[in-house]
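Worksheet for the structure shown next.
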Amino acid sequence: MPPASPDRSWPYTTSGIPDDWFAQLPGIPLTKREVRLLILAQLRLEASSCLWDVGAGTGTIPVEAGLLCPKGKVIAIERDEEVCALIQRNCQQFAVSNVDVVMGTAPDCLAAIAHSPDRAVIEGGRPIATVISSVWQRLQPQGRLVVTTASLEGLYTISETLAQLPARNIEVVQAAMNRLERRGRSQVLAAVDPIFILSGEKLE
């Protein structure tokens, strides 16, 4: 993993920071660039949005969202102190100052967060149905919720939970993409792990 350059920044108005620009830790999830773009599209962020990222991992979504919402607030929620420090490092790397990192386990830590979101993305947490319901209770009317999973079991549970809330205008996207990579003298298409992205709206 190449280290992030201390003077590197992202000057563009569109998202899509390359994965290897982020500082990383072994075993800590990183939302791949192509998947990240789909998640950000489903969130439909505004300049002043307040976004919760539950299970923020490396912090790629908080960094990109912080850049997209210069008048807004991003709350990155992670349970591990070292991972929280990693998120802060990546925010500093890209000069993102509107991200607050909350160390805690969802859903237990959510009630103490002062800012209620109008956008939320859930990338982790167990049991997932309880996490979704807890985030939904804090989500503002007209807000949007995006949840990701890599398993069919997760897809079923999330779909059932969103239907019971009830969320409106539910969408499900199954993303399967390939990247061109060089291996020795050859160039091959390498698969990015497929993932389900579910989204819905809270109308009232």
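The values are calculated or read from the model by the stated rules, or taken from the named source; none is laboratory data. Predicted model only: the values in this text are computed from it and were never measured. Note that we place each Cβ from the backbone using ideal geometry, even for glycine, and neighbour counts take in every protein chain shown. The protein model used for the area step is the full one, side chains on, heavy atoms only, and it has no ligands, DNA or RNA in it. Shrake-Rupley method; radii C 1.70, N 1.55, O 1.52, S 1.80 Å.
Quick rundown of the values:
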{"quantity": "Estimated distance in nm for a label pair at GLN137 and LEU37, the labels positioned 7 Å out from Cα along Cα-to-Cβ", "calculated": "3.8 nm"}
{"quantity": "Under 12 Å, Cβ to Cβ, from GLU171 - net charge with Lys/Arg +1 and Asp/Glu -1", "calculated": "+2"}
{"quantity": "Apportionment of accessible area to carbon and sulfur, the stretch 25-77, percent (1.4 Å)", "calculated": "57 percent"}
{"quantity": "Calculated [θ] (222 nm, deg cm²/dmol) that DSSP helices of n ≥ 4 give over the chain, each run adding -39,500 (n - 2.57)", "calculated": "-8500 deg cm²/dmol"}
{"quantity": "Size of electric dipole in the chain: Cβ of Lys, Arg +1 and of Asp, Glu -1, about Cα centre, debye, nearest 20", "calculated": "460 debye"}
{"quantity": "Cβ-based net charge around VAL101, under 13 Å, with every Lys or Arg adding one and every Asp or Glu removing one", "calculated": "-3"}
{"quantity": "Paramagnetic reach from ALA163 (point 7 Å along Cα→Cβ, amide N under 18 Å) across the stretch 104-131", "calculated": "128-130"}
{"quantity": "Of (i) -0.20, -1.46; (ii) -0.40, -1.26; (iii) -0.23, -1.31, the label for log10 I(q)/I(0) by the Debye sum over Cα atoms at q = 0.07, 0.19 Å⁻¹ derived from the coordinates", "calculated": "(i)"}
{"quantity": "Residues whose placed amide H lies under 5 Å from that of ILE195, excluding near-sequence neighbours", "calculated": "ALA175"}
{"quantity": "Degrees, to the nearest 10: 152-164 long Cα axis against longest axis of the chain", "calculated": "40 degrees"}
{"quantity": "Crossing angle, helix 128-138 versus the chain [Cα axis fit, 0-90 degrees, rounded to tens]", "calculated": "70 degrees"}
{"quantity": "Anchor LYS73: aspartates and glutamates whose Cα lies under 15 Å away (excluding residues fewer than 8 positions away in-chain)", "calculated": "GLU46, ASP53, GLU64, ASP100, ASP118"}
{"quantity": "FRET efficiency, GLU171 to GLN92 (Cβ-Cβ, R0 30 Å, nearest 0.05)", "calculated": "0.30"}
